[in-house]
Amino acid sequence: MSAAHPETTSGYIGHHLQNLQVCKVDGEWVWNHCQGNFWTLNVDSMFFSVVLGSLFLFLFWRVAQRATTGVPGRFQAMVESLVEFVDTSVKETFHGESKLLAPLGLTVFVWVFLMNMMDLIPVDWLPWTAGMIGIPYLKVVPTTDVNVTFAMSLSVFVLIIFYSIKAKGISGFTKELTLQPFNHPIAIPFNFILEGVALLAKPLSLSLRLFGNLFAGELIFILIALLGIWQLPLHFAWAVFHILIVLLQAFIFMMLTIVYLALANEEH
Amino acid sequence: MDFNMTLLGQTIAMIVFVWFCMRYIWPPLVGALDERRKQIADGLAAAEDGRKALEDAQARFEETVRESREKAAEIIQQAEKRAREIVDEARTDAISEGERLITQAKAEISQEASRAKDALRGEVAAIAVSGARQLLEREIDPATHQQLLAKLASEL
């Protein structure tokens with residue numbers, strides 16, 4: 001089934017879950033022997049996410065360049081309905097002026113959706129093709145890589161803190177962290193622990209939800225791929241079900257991003 | 001679950017993507033949407049205006065027709081009245097003219113009659129005078145007996 005470890009089931013699964021990595025050891029670029037080295041780049045995650053993100057930007061940019069105020073074409077209509085959808089979601093949730101939030105929501109939604117969609121490509125196709133041209137590992141779904149999901153959720157986390165400070169000032173933000181829910185000096189450490197956990201739980205849950213769903217989905221695809229001929233109906237069934245997860249997780253990621261930023265922007 | 005440099009790379013990629021979307025994609029698309037919304041609103045408003053204008057024109061048209069009809073009726077009524085008046089006037093004129101003519105004719109007749117009477121009276125007087133002259137066998141001075149003759153003539 002796969003080029004590198006076709007012999008055992010665990011080898012097959014492990015191979016599928018292994019990123020194509022590159023790191024610098026003693027001044028030399030080393031491929032795939034990077035355990036425990038922080039300065040490692042998951043080349044496949046970077047490649048697919050950047051390609052898909054660029055695809056999104058390119059398609060939407062072309063529509064934006066040619067956007068007519070008259071009768072829109074089909075693709076423009078689709079793009080516009082997406083834009084309207086995100087815009088409505090943002091306006092319903094976020095009460096304030098922000099040039100950033102709506103484009104951020106759109107980017108997150110479409111980008112995560114496209115990355116999740118990679119999950120619907122049969123699991124062996126791309127790794128096998130890559131194996132043919134000498135690439136030993138290839139993990140095609142970027143959102144099954146914690147680095148990708150955490151990069152997004154930590155960016156959102158930075159924005160949460162930025163918006164909190166922007167809306168309430170540093171003192172207001174500090175008060176929010178220390179004087180809630182019990183407004184008493186004695187309760188400050190307790191409040192801080194409580195609010196700190198609540199604050200940190202936001203990026204953590206945001207990224208782990210996406211990662212967990214997609215990783216589990218991918219793993220089930222891999223397991224199904226081990227079943228021989230029976231994988232065909234099962235793969236179909238799971239893929240159909242997975243379309244829902246793909247779309248839903250992209251939507252949830254976008255929606256929670258907006259909700260977290262709206263909460264950060266609001267006075268208590 | 002191992003974190004590595006990909007985290008940073010992805011963060012940079014995300015910042016660039018969001019920036020690009022915010023700078024080059026979102027504004028023209030939302031601008032186009034807003035512009036189209038405005039055009040549709042304007043179009044609907046224009047349609048509404050047109051409908052109202054049509055209604056106004058219809059009302060004005062009906063009003064004008066009604067007024068014209070009333071005016072025409074009034075004119076006809078006036079004309080009829082005038083015609084009646086003319087006929088009445090003509091009748092009155094004719095009657096008065098007839099009466100005048102009758103009166104005149106009567107006057108003339110009576111004049112003629114009195115003139116004839118006068119003539120007859122004169123003649124009768126003359127006859128009487130000549131008769132008397134013959135009876136008296138002498139000339140009666142008409143100048144002397146003028147008063148008497150006139151008295152006779154008026155008694156005739």
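Tabulated data
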{"item": "The protein assembly as shown - Cys residues lacking any other Cys C-beta under 4.7 Å", "result": "B:21"}
{"item": "For residue A:40, residues with placed amide H under 5 Å, excluding near neighbours", "result": "B:5, B:6"}
{"item": "Computed lengthening from residue B:124 to residue B:48, 0.36 nm per intervening residue step minus Cα-Cα distance", "result": "16.3 nm"}
{"item": "Interchain or long-range residues, amide H under 5 Å from residue A:30's placed H", "result": "A:23, A:24, A:25"}
{"item": "Choice from A:32, A:116, A:183 with maximal GNM fluctuation in chain A (Cα, 10 Å cutoff)", "result": "A:183"}
{"item": "Total charge dipole magnitude, segment A:44-265, about the Cα centre, Cβ charges on Lys, Arg, Asp, Glu only, Debye to nearest 20", "result": "400"}
{"item": "Accessible area (Å², per residue) of segment A:44-265, counting only protein heavy atoms and a probe of 1.4 Å", "result": "47"}
{"item": "Estimated FRET transfer efficiency (residue B:101, residue B:73; beta-carbon r; R0 56 Å; 0.05)", "result": "0.85"}
{"item": "Shielded residues, segment A:122-152 - accessible-area loss of 40 Å² or more between chain alone and all protein chains, probe 1.4 Å", "result": "A:146, A:147, A:151"}
{"item": "Sulfur and carbon atoms: percent of accessible area, chain B [1.4 Å]", "result": "61"}
{"item": "Projected label distance in nm at residue A:237 and residue A:192, using a 7 Å step from Cα toward the beta-carbon", "result": "5.4"}
{"item": "Fluctuation leader among A:50, A:30, A:71 - chain A, Gaussian network, Cα springs under 10 angstrom", "result": "A:71"}
{"item": "P(r), alpha carbons of segment A:44-265 - 5 Å bins starting at zero, rounded %", "result": "1, 6, 12, 14, 15, 14, 12, 9, 7, 5, 3, 1, 0, 0"}
{"item": "³J(HN,Hα) computed for each position of segment A:233-244 - Karplus, 6.51 cos²θ - 1.76 cosθ + 1.60, integer Hz, glycine/proline x", "result": "x, 5, 4, 4, 4, 5, 5, 4, 5, 5, 4, 4"}
{"item": "Summed buried accessible surface, chains B and A, 1.4 Å probe, nearest 100 Å²", "result": "3600"}
{"item": "Fraction of accessible area attributable to carbon and sulfur, chain A (%, probe 1.4 Å)", "result": "72"}
{"item": "Per-residue HN-Hα couplings for segment A:143-148 [Karplus 6.51, -1.76, 1.60; θ = phi - 60°; Hz; x = Gly/Pro]", "result": "6, 8, 10, 4, 4, 5"}
{"item": "Computed FRET value (nearest 0.05) for residue A:135 with residue A:78, which takes r as the C-beta separation and R₀ as 41 Å", "result": "0.75"}
{"item": "Alpha-carbon Rg/Rh ratio, for segment A:196-268, with Rh computed the Kirkwood way", "result": "1.19"}
{"item": "Value of relative contact order over segment A:44-265, rounded to a whole percent, pairs C-alpha under 8 Å and six or more apart", "result": "31"}
{"item": "Using θ = phi - 60° and Karplus 6.51 cos²θ - 1.76 cosθ + 1.60, couplings along segment A:173-183 (whole Hz; Gly, Pro as x)", "result": "5, 5, 4, 4, 7, 10, 9, 10, x, 9, 7"}
{"item": "Separation in nanometres of the label points that stand 7 Å from Cα toward Cβ, at residue B:114 and residue A:99", "result": "12.5"}
{"item": "Förster radius 56 Å - calculated FRET efficiency between residue B:145 and residue B:83 (Cβ-Cβ, nearest 0.05)", "result": "0.20"}
{"item": "Computed lengthening from residue A:161 to residue A:62, 0.36 nm per intervening residue step minus Cα-Cα distance", "result": "32.3 nm"}
{"item": "Span-like helix ranges in chain B, DSSP H, alpha carbon extent 15 angstrom or more, Kyte mean at least -0.5", "result": "B:6-20"}
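The values are calculated or read from the model by the stated rules, or taken from the named source; none is laboratory data. On a predicted model such as this, the values are computed, not experimentally measured, just so you know. So basically every Cβ, Gly included, is an ideal-geometry build from the backbone, and we count neighbours across all protein chains shown. What goes into the accessible areas is simple: the full protein's heavy atoms, side chains included, and nothing from ligands, DNA or RNA. Shrake-Rupley method; radii C 1.70, N 1.55, O 1.52, S 1.80 Å.
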